[in-house]
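> Here it is: the structure, laid out below.
The values are calculated or read from the model by the stated rules, or taken from the named source; none is laboratory data. Source: prediction; values computed, not measured. Cβ coordinates were reconstructed from backbone atoms using ideal geometry, including for glycine residues, and neighbour counts include every protein chain displayed.
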Amino acid sequence: MAQLNWREHFDENDNSIWEADGPYSDGFQWRLKQAIHENRIVWYEAHDAELIGDYPETWPTLEAAKRAIELAHDNVMTDEI
C-alpha cells in the first residue's frame, strides 16, 4: 500500500486539514477534513474534484481515512499502468 506523504494544515478555526499529493502530476491533492456527525468527529473527503468519487465517504478516525485514501491511490496507480 502506498505510504503517502501527509501534511497537516489548519483552517481559519485551527481545525486540522490533511493533504497528500494525488496520483497525477498535475497537482491534484487528496484532502481530509473534519466534521461533526451525530455529536462525533468524522473525517470526510475534501479532495480536488478530479479525485472525488460519485459518493463521498466519511470515516470515524483519521487513521481509517488515510488508509482508505492510500488504497484508493494504489487503485488509481494500478489502473494507470
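> Could you check segment 45-56 and list, in sequence order, the residues that are in contact with a strand residue (DSSP E or B) (Cβ under 6 Å, 6 or more places away or on another chain) and more than 15 Å from residue 6 (Cβ to Cβ)?
48, 52, 56
> Within segment 1-57, how many residues are of a type outside the set (Gly, Ala, Ser), farther than 18 Å from residue 68 by Cβ and at pLDDT below 90?
Summing the residues that are of a type outside the set (Gly, Ala, Ser), farther than 18 Å from residue 68 by Cβ and at pLDDT below 90 in segment 1-57 gives 2.
> Could you list all residues from segment 58-81 that are among the aliphatic types (A, V, I, L, M), at pLDDT below 95 and in a helix (DSSP H, G or I)?
Hits for segment 58-81 are 68, 69, 71, 72, 76, 77.
> Restricting attention to segment 50-81, report how many residues are surrounded by 17 or more Cβ atoms within 10 Å (Cβ to Cβ) and among the β-branched types (Val, Ile, Thr).
Going through segment 50-81 one residue at a time, the tally reaches 1.
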